[in-house]
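Scroll down for the structure; my scribbles are underneath it.
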């Protein structure tokens, strides 16, 4: 799940990368603590991370670094360092080397390598032929039907793995769905591009890929990863079963911000390039983002690792002992172009096999990021410089500033380059980013459908059903919506309630969709992922917050149903976005997703 969105410190080129180990450092100084048996990050970098964390109000950051060090006689050795910053939970316990972080889409590398191992080992298909990179998906899963015949006929393993299958995300269509359920759902979905014509990030493609493991070996995906990665690499605090990770009591609480004021942020940023809590809002914890095992969709983003195990994983990627080295190299091959360079110091990005490649100030980097509600991560490897870093945090809104801002600064420090203020750059992006899918009401809007016409039950064979109701005055009791959630919706969307509707949905990254009238049959939709925040005793409070930046777009509502537009299906930037328009024709055929009204 690609996230794109940064203070600078003088690079001490002559200082050793890692300080002495076995040290306990006072947290008040903003330097790592509890890192016995591991080297420390350089003191100037630790202080820098803490400055950024404090300035942006980030609750938790964990950093794992591995690099090769050559001694005086030319013999090399590998050194690992861990940095821990902030508090891990609502009780205020510090982040430690054993703290667990959800690495989200950085799990995709395990999925890609797992399939690669089957290919390397000559695993047989039902036909008796060996599994290959160019094996058609329809051969692995007989009877599978993608939305378009060309996809069904042509898609192979690399197509699905390198994100150019023609499928958008369709994330909202699934909730803990396994690969078999997703395969059964495919004929009811819509493709958003021709095969091999556009980069489109697609999580469900990796769930299907993870299904290759049990389909051909009979071993569940999470057990395969345990047997072939976690166990041989002694990654004893790595999990794909979320409930087991949660039971350890070491899983870092997810976090969210309540009260972000973007206009105030722009004002502060324009005036002094600083942001404070009056614009960034208040940070709240809400515990693990899921209370399920999350095994069904784990191949797309379910792994949870400690900082200790992150160092073991990075070391394996830099100096393979278990995973075939050619597989790791192949994963970084640039199969699908993603973006042009954002800044002159960065090269164009390309997607490989669960990895992304680009150049950083003339050095080749292979990377991937991950994001789940209240949890984000970044893995960066300098493939020709024997260096890797993994950063994990529970910051969502400013994740790009934390992950890429800090990550790029660590690369510069290792390479001895003059530092660039990446945190400033990425923060500037966040502050000034515009929502291209936002729908603006005309000066003289046309009458919208009546409340009776809008309210009711709507359904889709994959996305499920939901009941749309008008938001009532706060004094009115509503069975399906907690009064605190209702208050949040009312406060966020309008100072009056006329023309605001909501639906309680069951989707992987949304539990409410809010519809606000624009003009005529056109409405604006906003998807929210609301969680009750935690009290200090870990009980759930009555304060709800949105764990993901609200996704917005347009919708066309009629007596027949709702047509969702504005990238509801998650096609990405490479695909043109159509907006709902007044009096548009053939809505049912043109909509990204069509919900039929049933009552």
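FYI, it's all coordinate maths here, none of it is from the lab. Keep in mind that this is a model prediction, so the values were computed, not measured. Neighbour counts run over all protein chains shown; Cβ positions are idealised from the backbone, glycine included.
Enclosing the Cα atoms of the range 242-305 in their convex hull gives a volume equal to 128 cubic angstrom per residue.
Backbone N atoms of the range 173-209 closer than 13 Å to the 7 Å Cα→Cβ label point of residue 573 belong to residues 199-201.
Approximating the spin labels as points 7 Å out from Cα along Cα→Cβ, the residue 55-to-residue 590 distance works out to 4.7 nm.
Label positions at residue 184 and residue 541, each projected 7 Å from the Cα along the C-beta direction, are separated by 4.1 nm.
When the helices of the chain are scored as -39500 (n - 2.57) per DSSP H run of n ≥ 4 and the total is divided over every residue, the value at 222 nm lands at -7000 deg cm²/dmol.
Here residue 267 and residue 43 are evaluated by their C-beta separation; at R0 = 30 Å the FRET efficiency comes out at 0.25. If you wrap the tightest convex hull around every Cα atom of the range 165-324 and split its volume per residue, you get 202 Å³. If you take the Cα centroid of the range 539-599 and the Cα centroid of the range 180-202, the two points sit 18 Å apart. Look at 537, 385 and count the other Cβ atoms within 10 Å of each Cβ; fewest to most, that gives 537, 385. Extents of the range 310-413, largest first, come to 37, 30, 27 Å (Cα atoms, principal axes, whole angstrom).
Here the range 109-224 is treated as a Stokes sphere of Kirkwood radius computed over C-alpha pairs; at 10 °C and 1.306 mPa s its diffusion coefficient rounds to 112 µm²/s.
Length available on full extension from residue 133 to residue 415: 0.36 nm per residue minus the Cα-Cα distance, which gives 98.0 nm. Using 0.36 nm per residue and subtracting the Cα-Cα separation, the extra length available between residue 446 and residue 321 on full extension is 38.4 nm. When peptides 371-382, 447-458, 218-229 are ranked by their average number of other Cβ atoms within 10 Å per residue, the highest-first order is 371-382, 218-229, 447-458.
Restricted to Cα atoms, the chain shows a radius of gyration and a Dmax of 24.1, 82 angstrom. Between residue 436 and residue 277, the C-beta separation translates, for a Förster distance of 45 Å, into a calculated FRET efficiency of about 0.95.
Peptide packing: for 139-146, 84-91, the average count of neighbouring Cβ atoms within 10 Å per residue gives the ranking 84-91, 139-146, highest mean first. In terms of other Cβ atoms within 10 Å, 444, 164 run from fewest to most in the order 444, 164. Taking 7 Å steps out from each Cα toward its Cβ at residue 231 and residue 124 produces label points 2.4 nm apart. Largest first, the extents of the alpha carbon coordinates of the range 492-563 on the three principal axes equal 48, 28, 19 Å. Cβ crowding within 10 Å ranks 556, 230 as 230, 556, fewest other Cβ atoms first.
Each 5 Å bin, from zero up to the one with the longest distance, holds this percent of the alpha carbon pairs of the range 52-127: 3, 11, 12, 13, 13, 13, 12, 10, 7, 5, 2, 0. For residue 333 and residue 498, the FRET efficiency from 1/(1 + (r/R0)^6), where r spans their Cβ atoms and R0 equals 45 Å, is about 0.25.
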